[in-house]
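Inspection log for the structure reproduced underneath, given as structure tokens.
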Amino acid sequence: MSVQAAPGPGRKAPRGPSCRSEASLAPARARVAVGHWEVGHGAPRLALRGMRWSQAFIPTLRDDPANAEAASHRLLLRAGFVRQLSAGHYSILPLGQRVRLKIDRIIRDEIDGIGGQQFHLPAMHPAELWKKSGRWEIMGDEMFRLTDRKGSENALGMTHEEVFAQLASEISSYKQLPQLWYQIQTKFRDEPRPKSGVLRVREFTMKDSYSLDLTQDGLDAQFDRHHAAYQRIFGRFGVDAVDVEASSGAMGGSDSIEFMVRSDAGEDWIVTCGTCDYRANLERATSRVEVIDDPDMVPDTERFATPGIRTIAGLADGFPEVAAPDRQIKTLVYLIDGTFTLVMMRGDHALQEQKLQDVTGGIDIRPAQADEIREQLGALPGSLGAVGVTEHPIIADQALAGRRGMVTGANEDDWHLRNVDIERDIAVGHWADLREVSAGEACAVDGGELELWKGIEVGHIFKLGTKYSEVMGAIVQDENGESHPIIMGSYGIGLERSMAAIVEASHDDAGIIWPWEVAPYHVIVTLLRQQDDAVVAAGDRLYADLTDAGYDVLLDDRDERPGVKFADAELIGVPYRVTIGPRGLASGLAEFTTRSTMETIEIPLDAVSDHLP
RNA sequence: CGGGACGUGGCGCAGCUUGGCAGCGCGCAGCGUUCGGGACGCUGAGGUCGUGGGUUCAAAUCCCACCGUCCCGACCA
């Protein structure tokens, strides 16, 4: 049995002998509603209030929905936590909302705990604001834009640096700093491809905080406090969120740390060392490159015919003595904001495009097309090289520094050059780390073996600097009367994504296993034999007592067979189940089942709360 | 944006090749039997077959266009 109709307003308890239960429940509910809603820092429990399943809208599905690949997608759908409205837009159902509220409150608890002040900013922003920061153009198609009746352009906020920085322009003295501002708001991003249920969507809730400081030291301190708060937050979510070095991407900024939950449903690759604590996003990760023995001196470069050869492997096969892959220069061509740019990698190394974007500061980066390359260089990919090229910028990966005796394309199809001495023969404009790390390589820190795994980004903190405060005029005077732009930091956590990450990390074949602090209910009281007055009475009493004690309790009072109730309880993932049936009740006993282990013990009915956290 | 698949009661699907009463399982409603791991019987309710156009006596089925959804890739605070 699964789909339950929502009760109409004022509808009474289900049929059956429940007058007594209503009487006993009423005072408990009223007290819970006012007594447990407000939660201070370090509150032991985040209680909401109880519910009878017979009146709840918990549309569980008996079968797996089609079109749901990721475990979190499948389970959140099947267990009745979310429903899809359209691609990238999900309705959060009551169970999901309870989890989200708990996530929300844990976040507020911890951010308030480091001095955060909560705001609520508009989701829709005037275009001018984004034009001022330059991001009206930078954000491109990823920003939802709309025109109002007056013809004014607007955007749906993807993030709120601009709005907060504009508010910060009202601060004029160092005496008002530092500040920590945050909000929990809906963000809109026109993702080209929403996927994996609630993991990658176009409309989602984010906690975004912004630190405002006079000095770099102040920023560092707030950054570190956030780092610690995030570790506490994800700890309370019950997930292992690994903090990794990251690229700050299009946001600019320096230090950047992402919090990643390991999952194959994730979309980021993370590199970790097996023997030390080095860990980084693949977009940023480095590794130790073995030194290649080069000749001290090489003769002048020399053309040689390479008919039909277009690949690193082909050249290495054809000329094994001179053109091993680590002796070749791979020349890639990119258009970086329209500038035709040569990018050189060692033949056996791969380019990490995000690194290229980070070092060039480019916004629009794409590989050049064959015809564009032929027009500029006179040859097609497979025969390209940078020797003698002076009219285009050349960026080289640092693994090529100082190399001699290299082979590269001659910018003429079917011809290559040998004896290339990079410093001597190529006008490298910029050296940088551009190489993508592979699994099994040696850690740059201690030489340990690097591992690659997929993760879900649930949080990201980074140091913004003064970019937004400068454009928005958030300038303060220090104690000497000198003006300084406020130094900002930016810190985000995705709420629904966190909910999905928790499910990814905590489920089994039967369903979700909610960690205690984020569980929609702490306990489910499962009644067997709905017709048995004694069972109903005992259930009502336990429900009232536990609710009274501050637990979130779901009373499964549905007239269903036991198998259905057990299966549903496991599916929605309530941490503890208390089963009351006529068999045990005769001797005052109930069954107590722990969802995570599925262990069941018999305990006295009046001792249930002794077994709860 | 490129490649692939799909769109038929709430969910999962068949029917389309070969045009002719819109079906099945689950779920839902009523009655009865049952009741500690997704019961059973009987009786019912529920569908613009994604949308628009075309072909035809007749379209879920054939043709065209569009829309939507999912998967892979590109993309991506």
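Annotations
- Residue A:221 vs. criteria in contact with a helix residue (DSSP H, G or I) (Cβ under 7 Å, 6 or more places away or on another chain), away from RNA strand B (no atom under 13 Å from the Cβ) and in the same structural domain as residue A:480 (by TED's automatic domain parsing): no
- Only listed residue being touching a strand residue (DSSP E or B) at 6+ places or on another chain (Cβ under 6 Å) and outside the structural domain of residue A:144 (by TED's automatic domain parsing), chosen from A:84, A:55: A:84
- Looking across region A:429-443, just one residue is surrounded by fewer than 18 Cβ atoms within 10 Å (Cβ to Cβ) and either polar (S, T, N, Q) or within 17 Å of residue A:328 (Cβ to Cβ) (or both), and that is A:438.
- Sole residue being among the acidic types (Asp, Glu), out of contact with any Leu (no Cβ under 8 Å at 6 or more places or on another chain) and within 16 Å of RNA strand B (Cβ to nearest atom), chosen from A:300, A:255, A:240, A:296: A:255
- Residue check, residue A:464 surrounded by fewer than 18 Cβ atoms within 10 Å (Cβ to Cβ), at pLDDT below 95 and in a strand (DSSP E or B): no
- Test: residue in region A:339-352 that is touching a helix residue (DSSP H, G or I) at 6+ places or on another chain (Cβ under 8 Å), of a type in the set (Gly, Ala, Ser) and part of a loop (DSSP other than H, G, I, E, B): yes
- The single condition among (1) in contact (Cβ under 8 Å) with a residue 12 or more places away in the chain; (2) farther than 26 Å from residue A:296 by Cα that residue A:369 does not meet is (1).
- Unmet requirement for residue A:174, which otherwise passes all of (1) within 10 Å of RNA strand B (Cβ to nearest atom); (2) more than 26 Å from residue A:457 (Cα to Cα): (1)
- Hits in region A:74-87 (condition: near RNA strand B (Cβ under 7 Å from one of its atoms) and surrounded by 18 or more Cβ atoms within 10 Å (Cβ to Cβ)): A:84
- Residue in region A:167-175 that is buried (at least 17 other Cβ atoms within 10 Å of the Cβ), on the phi > 0 side of the Ramachandran plot and either among the small types (Gly, Ala, Ser) or in contact with a strand residue (DSSP E or B) (Cβ under 6 Å, 6 or more places away or on another chain) (or both) present: no
- On the stretch given as region A:49-70, residues that are surrounded by 20 or more Cβ atoms within 10 Å (Cβ to Cβ) and either farther than 18 Å from residue A:560 by Cα or near RNA strand B (Cβ under 10 Å from one of its atoms) (or both) total 3.
- Some residue of region A:511-526 being under 29 Å from the mean Cα position of the chain (by Cα) and either within 10 Å of RNA strand B (Cβ to nearest atom) or of a type in the set (Lys, Arg) (or both): yes
- Any hit, region A:187-206, residues being within 22 Å of residue A:141 (Cβ to Cβ), surrounded by fewer than 19 Cβ atoms within 10 Å (Cβ to Cβ), more than 9 Å from RNA strand B (Cβ to nearest atom) and not basic (Lys, Arg): yes
- Candidates in region A:395-428 are the residues that are of a type in the set (D, E, K, R) and over 19 Å from residue A:325 (Cβ atoms); of these, the one that is surrounded by the most Cβ atoms within 10 Å (Cβ to Cβ) is A:425.
- Single unsatisfied condition, residue A:150 versus (1) assigned to a helix (DSSP H, G or I); (2) charged (D, E, K, R); (3) more than 10 Å from RNA strand B (Cβ to nearest atom): (1)
Conditions tested, residue by residue: (1) in contact with a Pro (Cβ under 9 Å, 6 or more places away or on another chain); (2) in a loop (DSSP other than H, G, I, E, B); (3) in contact (Cβ under 8 Å) with a residue 60 or more places away in the chain.
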| position | (1), (2), (3) |
| --- | --- |
| A:399 | no, no, yes |
| A:404 | yes, yes, yes |
| A:416 | no, no, yes |
| A:428 | no, yes, yes |
| A:447 | no, yes, yes |
| A:460 | no, no, yes |
| A:489 | no, no, yes |
| A:497 | no, no, yes |
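- Considering (1) near RNA strand B (Cβ under 8 Å from one of its atoms); (2) surrounded by fewer than 19 Cβ atoms within 10 Å (Cβ to Cβ); (3) among the aliphatic types (A, V, I, L, M), the lone condition that residue A:537 does not fulfil carries the number (1).
- For first residues located in region A:558-576 and under 22 Å from residue A:601 (Cβ atoms) and in contact (Cβ under 8 Å) with a residue 60 or more places away in the chain, partners that are crowded, with 22+ Cβ neighbours inside 10 Å and among the hydroxyl-bearing types (Ser, Thr, Tyr) and lie 6+ apart or on another chain with Cβ distances below 8 Å form the pairs A:574/A:521.
- For residue A:162, the stated conditions hold: it is within 11 Å of RNA strand B (Cβ to nearest atom) and in a helix (DSSP H, G or I).
- Residues that are away from RNA strand B (no atom under 16 Å from the Cβ) and β-branched (Val, Ile, Thr) within region A:93-136 comprise A:99, A:103, A:106, A:114, listed in sequence order.
- Taken over region A:557-602, the criterion of being away from RNA strand B (no atom under 11 Å from the Cβ), touching a helix residue (DSSP H, G or I) at 6+ places or on another chain (Cβ under 6 Å) and of a type outside the set (Asp, Glu) is satisfied by A:575, A:588.
- Among the residues of region A:273-301, the ones that are basic (Lys, Arg) and closer than 17 Å to residue A:400 by Cα come to 1 in all.
- Residue A:545, sole failed condition from (1) within 30 Å of residue A:104 (Cβ to Cβ); (2) without any contact (Cβ under 8 Å) to a residue 40 or more places away in the chain; (3) not aliphatic (A, V, I, L, M): (2)
- Residues located in region A:91-104, provided they are over 17 Å from residue A:60 (Cβ atoms) and either buried (at least 19 other Cβ atoms within 10 Å of the Cβ) or touching a helix residue (DSSP H, G or I) at 6+ places or on another chain (Cβ under 6 Å) (or both): A:100, A:102, A:103
- With respect to being in contact with a Gly (Cβ under 9 Å, 6 or more places away or on another chain) and not assigned by TED's automatic domain parsing to the domain that holds residue A:375, residue A:261 fits the description.
The values are calculated or read from the model by the stated rules, or taken from the named source; none is laboratory data. Computed from a predicted model, the values in this text were never measured in an experiment. Please note: Cβ atoms are built from the backbone with ideal geometry, for glycine as well, and neighbour counts cover all protein chains shown.
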